[in-house]
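The values are calculated or read from the model by the stated rules, or taken from the named source; none is laboratory data. These figures come from a predicted structure and were not determined experimentally. As a convention, Cβ positions derive from the backbone with ideal geometry for all residues, glycine included, and neighbour counts pool all protein chains shown. Please note that ligands, DNA and RNA were not included when accessible areas were found on the heavy atoms of the full protein model with its side chains. Shrake-Rupley method; radii C 1.70, N 1.55, O 1.52, S 1.80 Å.
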Amino acid sequence: MDKNIFAKNDYNKIKDSLVNWLQTEVGNAGLNGAVVGLSGGIDSAVTARLCQLAFGEEMLGVIMPCHSSSQDREDALKVAGKFGIEVVENDLSDIYDHFLANLKESGVEAGRLAEANIKPRLRMTALYYYAQAKGYLVVGTDNWSELKIGYFTKHGDGGIDLAPLGSLVKNEVKKLAEVLGIPAEIIEKKPSAGLWDGQTDESEMGFSYQELDQYILTGEAEPEVKEKIEKLAAKNSHKVAPVPIPRRNEIV
């Protein structure tokens, strides 16, 4: 496996290109800036810093604990403090508890994943509140690796206006983070969606980001890894596809 494949890019050029892209997209929408959810992870840190470079003070970071790790909150505050990013904090834990209890009163019980996915959907609702209040777009943190296999919550962290990291695999995001000055402990932190205690991306996916990224960029992977990746990509393809609409000439 070629571990140098991710080091071949000019990450200063990528940084400048993404800043310009963000400015163009937000300008084309006739709006003024960006809202980013700060989770304490590398993707949100990189996205927030890019948005700050693009929009200066017209950028808001939102920290939204929801029965989540206190370390994640501390890491989010660390990023905001280092770069002077304006932050609002809104703990959604009580709202989550009340909403889930209300759903269960219907008599329908769901599994752990269905319950956990309420969290990113509540967060996205909050982000759109702040975005509309300020005349901003919601800028998401999804990278190419996550988009390839659908590793995100539909209408949660996938319910966004812009995805500046969508053409970069996870290990490229790590290289970009170094150029942006993201704290090393956040760059090296185990990736996690934070849906429940002890959850990590790689344990849930069944392969490493190194393997996934290598396959995305080169098509090379061990047969069993390739099979897992393509199975997930096919299963979750509905997450990135436009909403299906019947052709009018087929129904009228």
Inset, instruction - Mind running the shape call on the chain? Use the C-alpha gyration tensor, a ≥ b ≥ c as the square roots of the eigenvalues: rounded below 1.5 for a/c, prolate if a/b tops b/c, oblate otherwise. - result: rounded
Inset, instruction - Express in Å², to the nearest 10, the accessible area of HIS238 obtained by rolling a 1.4 Å probe over the protein heavy atoms while all chains stay in place. - result: 90 Å²
Legend entry - Of GLY219, GLY159, GLY37, the one that fluctuates the most in a GNM where the chain has Cα springs shorter than 10 Å: GLY219
Inset, instruction - Give the long-range amide H neighbours of LEU60: residues separated by 5 or more places, or on another chain, with amide H under 5 Å away, using H modelled in the peptide plane at 1.01 Å from N. - result: ALA34, VAL35, VAL36
Inset, instruction - Under a 10 Å cutoff between Cα atoms, tell me which one of LEU168, LEU60, LEU100 has the largest fluctuation in the Gaussian network model of the chain. - result: LEU100
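Order TYR11, TYR129, most accessible first, counting only protein heavy atoms with a 1.4 angstrom probe.
Details: TYR11 15, TYR129 150 Å².
Reading off the accessible areas and sorting them downward yields TYR129, TYR11.
Please grab the % of Cα pairs in the stretch 12-101 that end up more than 16 Å from each other. Spell out each step's value before the answer.
Working: 2239 of 4005 pairs.
Here the long-distance tail beyond 16 Å is 56 percent of all Cα pairs in the stretch 12-101.
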Inset, instruction - Could you pull the accessible area for GLU227 with a 1.4 Å probe, rounded to 10 Å²? - result: 130 Å²
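Under the rule of -39500 (n - 2.57) per DSSP H run of 4 or more residues, summed and divided by the residues of the chain, what mean residue ellipticity at 222 nm is obtained, to the nearest 500 deg cm²/dmol?
Numbers: 13 runs with 133 residues, N = 252.
One gets -15500 deg cm²/dmol as the mean residue ellipticity at 222 nm.
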Inset, instruction - Starting at the first residue of the stretch 152-167, write each ³J(HN,Hα) from the Karplus equation 6.51 cos²θ - 1.76 cosθ + 1.60 with θ = phi - 60°, in whole Hz, x for Gly and Pro. - result: 6, 8, 4, 6, x, 5, x, x, 9, 9, 9, 10, x, 8, x, 10
Legend entry - Environment charge at GLU172 (Cβ cut-off 12 Å; Lys +1, Arg +1, Asp -1, Glu -1): +1
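Using alpha-carbon pairs under 8 Å, 6+ residues apart, how would you state the relative contact order of the stretch 5-150 in percent? Walk me through the intermediate numbers first.
Numbers: 167 pairs, mean separation 41.9, N = 146.
Relative contact order comes out at 29 percent.
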Legend entry - Relative frequency of Cα-Cα separations exceeding 16 Å in the stretch 106-152, percent: 58 percent
Legend entry - Convex hull volume of the stretch 121-197 per residue (C-alpha atoms, cubic angstrom): 117 Å³
Inset, instruction - Would you mind computing Rg(Cα) / (2.2 N^0.38 Å) for the stretch 65-213, counting N as its residues? - result: 1.10
Inset, instruction - Would you kindly give the portion of the calculated P(r) for the stretch 1-151 that falls above 24 Å, as a percent of all Cα pairs? - result: 41 percent
Legend entry - Under the Karplus curve 6.51 cos²θ - 1.76 cosθ + 1.60, θ = phi - 60°, whole-Hz ³J(HN,Hα) for the stretch 214-220, x wherever Gly or Pro sits: 4, 5, 4, 7, 10, x, 9
Legend entry - Cβ-placed point charges (K, R +1; D, E -1), dipole of the chain about Cα centre in debye, nearest 20: 520 debye
Legend entry - Net charge contributed by nearby residues that have their C-beta within less than 15 Å of ASN32 (K/R +1, D/E -1): -4
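Quick one: accessible area per residue over the chain, 1.4 Å probe, rounded to a whole number of Å²?
Numbers: 13240 Å² over 252 residues.
Averaged over the residues of the chain, the accessible area is 53 Å².
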Legend entry - For the stretch 140-252, the Rg and Dmax computed from alpha carbons only, in angstrom: 16.1, 59
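Order 19-30, 68-79, 135-146, 239-250 from most to least packed using the mean count of other Cβ atoms within 10 Å.
On the way: 19-30: 14.3, 68-79: 17.7, 135-146: 23.2, 239-250: 8.0.
Output ranking for 19-30, 68-79, 135-146, 239-250: 135-146, 68-79, 19-30, 239-250.
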Inset, instruction - Evaluate the relative contact order of the stretch 78-223 (contact order divided by residue number), counting alpha-carbon pairs under 8 angstrom at least 6 apart; express in whole percent. - result: 18 percent
Inset, instruction - Would you work out which of VAL179, ILE160, GLY150 lies farthest towards the positive end of the dipole of the stretch 141-192? Charges go on Cβ: Lys and Arg +1, Asp and Glu -1. - result: GLY150
Inset, instruction - For PHE83, PHE99, write out the residues from largest to smallest accessible area, computed with a 1.4 angstrom probe and no ligands counted. - result: PHE99, PHE83
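Quick check on the stretch 51-127: what are the equivalent-ellipsoid semi-axes from the Cα gyration tensor, as sqrt(5λ), descending, whole Å?
31, 13, 9
Could you pull out the pairs from LYS8/LYS170; LYS15/LYS175; LYS78/LYS148; LYS8/LYS148; LYS13/LYS174 whose alpha carbons sit more than 18 Å apart here?
Values: LYS8/LYS170 15 Å; LYS15/LYS175 11 Å; LYS78/LYS148 30 Å; LYS8/LYS148 21 Å; LYS13/LYS174 15 Å.
The answer is LYS78/LYS148; LYS8/LYS148.
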